[in-house]
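The values are calculated or read from the model by the stated rules, or taken from the named source; none is laboratory data. Since this is a predicted model, take the numbers as computed values, not measurements. Neighbour counts are summed over all protein chains in view; Cβ atoms, including those assigned to glycine, are modelled from backbone coordinates with ideal geometry.
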Amino acid sequence: MIEIAAGIVIDEHLLQERFVRAPGPGGQHVNKVSTAVELRFDLSAPPLLPEAVQARLIRLAGRRLAADGLLTIQAHRYRTQERNRRDALERLIALIRRATEVPRPRKPTRPTRASKERRLRGKARRAEVKGLRRRTRTED
């Protein structure tokens, strides 16, 4: 069991790991060994996370979340499988922890009088510059 936050734990059996060849340069060795890790976590399985956390996680996951509900994290930063496995797991835990944080609601504010005046002065200055570029009619 992996403890994410207070009251949120994930069973390690729900995580799927797949080892693939790492992209990028590396010489002869990189073409022989599969050190990169694809860690998959199924979000469409029976709800393991509270509904609000799962909704935030889906939003945070972005393109790492496939249409079938699989969250995929790829790790190929290190040269060994073990370090890449640890890196992928840490990144998954960090992502879920970020989803557990409830965002602070935004308080709507109004612009100050000074900021309105600055904006209007800037608009007037710009209009004046543009007005000077116009051709004037010459009367014959």
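I'd like the full set of residues that are at pLDDT 75 or above and among the β-branched types (Val, Ile, Thr), limited to the range 5-22.
20
Which residues, counting only those in the range 34-55, are under 20 Å from residue 89 (Cβ atoms) and either at pLDDT 80 or above or surrounded by fewer than 17 Cβ atoms within 10 Å (Cβ to Cβ) (or both)? Talk me through it step by step, then tell me what you get.
Step one: list which residues in the range 34-55 are under 20 Å from residue 89 (Cβ atoms), which gives 34-43, 45, 48-49, 53-54.
Residues satisfying the conditions are 34, 36, 37, 38, 39, 40, 41, 42, 45, 54.
Among the residues of the range 89-131, which ones are farther than 20 Å from residue 53 by Cβ and among the small types (Gly, Ala, Ser)?
Correct list: 114, 115, 122, 124, 127, 131.
Select from the range 63-84 the residues that are more than 18 Å from the chain's Cα centre (by Cα) and of a type in the set (Val, Ile, Thr) and list them in ascending order.
Within the range 63-84, 80 is the sole residue that qualifies.
Please go through the range 91-140 and pick out each residue that is surrounded by 10 or more Cβ atoms within 10 Å (Cβ to Cβ), of a type in the set (A, V, I, L, M, F, W, C) and in contact (Cβ under 8 Å) with a residue 12 or more places away in the chain.
92, 93, 95, 96, 99
List the helices (runs of 4 or more DSSP H) that sit entirely inside the range 42-140 and contain at least 3 residues that are under 17 Å from residue 8 (Cβ atoms).
Of the helices (runs of 4 or more DSSP H) lying wholly inside the range 42-140, those with at least 3 residues that are under 17 Å from residue 8 (Cβ atoms) span 51-61, 81-100.
Of everything in the range 23-33 that's part of a loop (DSSP other than H, G, I, E, B) and surrounded by 13 or more Cβ atoms within 10 Å (Cβ to Cβ), which residue is modelled with the highest pLDDT?
33
Those residues that are over 23 Å from residue 35 (Cα atoms) and surrounded by 15 or more Cβ atoms within 10 Å (Cβ to Cβ), I need them from the range 61-90; list them, please.
Once the filter is applied, which keeps residues that are over 23 Å from residue 35 (Cα atoms) and surrounded by 15 or more Cβ atoms within 10 Å (Cβ to Cβ), the range 61-90 yields only 61.
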